[in-house]
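Working notes, beginning with the structure itself.
The values are calculated or read from the model by the stated rules, or taken from the named source; none is laboratory data. Because the structure is a prediction, the values reported are computed rather than measured. We place every Cβ from the backbone using ideal geometry, glycine too, and count neighbours over all the protein chains shown.
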């Protein structure tokens, strides 16, 4: 089985455009709205960099968004995303690491409908798996 690889880090922000105008990040694609995650999302990288984007900015949409509380309490770094071969591989990896599932598998608008699922590690780190 393929070892999970870091795909990106997620950061919660209050407002995407305002954050981008005052940060070291520049947009590396489109801003999308994901109704399942109840968030506006985009991938960014350092200004002037042509490297693969490694940061996802997440703006919660409304108080019912799963990320709203994190934005209200402590905006900033939120999760790490690991790229995996498939859903079964991620579920096996998570079981072996004694991780607790947070969400079921869902299609992610930002990643062209590829499936994502969130878990908490034993250290209470939020881990997202992105299946190929």
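The table that follows gives values for the structure above.
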{"read-out": "Exclusive hit being modelled with pLDDT under 95 and either surrounded by 13 or more Cβ atoms within 10 Å (Cβ to Cβ) or touching a helix residue (DSSP H, G or I) at 6+ places or on another chain (Cβ under 8 Å) (or both), set 66, 60", "value": "66"}
{"read-out": "Where residue 83 falls short, out of the listed (1) in a strand (DSSP E or B); (2) closer than 12 Å to residue 129 by Cα; (3) free of Cβ contacts under 8 Å to residues at least 24 places away in the same chain", "value": "(3)"}
{"read-out": "Members of the range 99-113 found to be without any contact (Cβ under 8 Å) to a residue 60 or more places away in the chain and either over 17 Å from residue 53 (Cα atoms) or exposed (fewer than 13 other Cβ atoms within 10 Å of the Cβ) (or both), listed by number", "value": "99, 100, 101, 102, 103, 104, 105, 112, 113"}
{"read-out": "Criterion: in contact with a helix residue (DSSP H, G or I) (Cβ under 9 Å, 6 or more places away or on another chain) and part of a loop (DSSP other than H, G, I, E, B) - qualifying residue of 43, 14", "value": "14"}
{"read-out": "Residues that are surrounded by 15 or more Cβ atoms within 10 Å (Cβ to Cβ), in a loop (DSSP other than H, G, I, E, B) and either touching a residue at least 60 places away in the same chain (Cβ under 8 Å) or out of contact with any helix residue (DSSP H, G or I) (no Cβ under 8 Å at 6 or more places or on another chain) (or both), drawn from the range 21-37", "value": "23, 28, 37"}
{"read-out": "Qualifying residue in the range 7-17 (condition: surrounded by 15 or more Cβ atoms within 10 Å (Cβ to Cβ), under 22 Å from residue 127 (Cβ atoms), in contact (Cβ under 8 Å) with a residue 60 or more places away in the chain and over 11 Å from the mean Cα position of the chain (by Cα))", "value": "yes"}
{"read-out": "Residues satisfying the stated conditions in the range 110-125, i.e. modelled with pLDDT of 95 or more, over 14 Å from residue 82 (Cβ atoms) and assigned to a loop (DSSP other than H, G, I, E, B)", "value": "112, 113"}
{"read-out": "Subset of the range 46-80 (residues that are in contact with a strand residue (DSSP E or B) (Cβ under 7 Å, 6 or more places away or on another chain), over 19 Å from residue 106 (Cα atoms) and in a loop (DSSP other than H, G, I, E, B))", "value": "47, 51, 53, 54, 75"}
{"read-out": "Residues (closer than 16 Å to residue 58 by Cβ and buried (at least 19 other Cβ atoms within 10 Å of the Cβ)) located in the range 118-132", "value": "118, 127, 128, 130"}
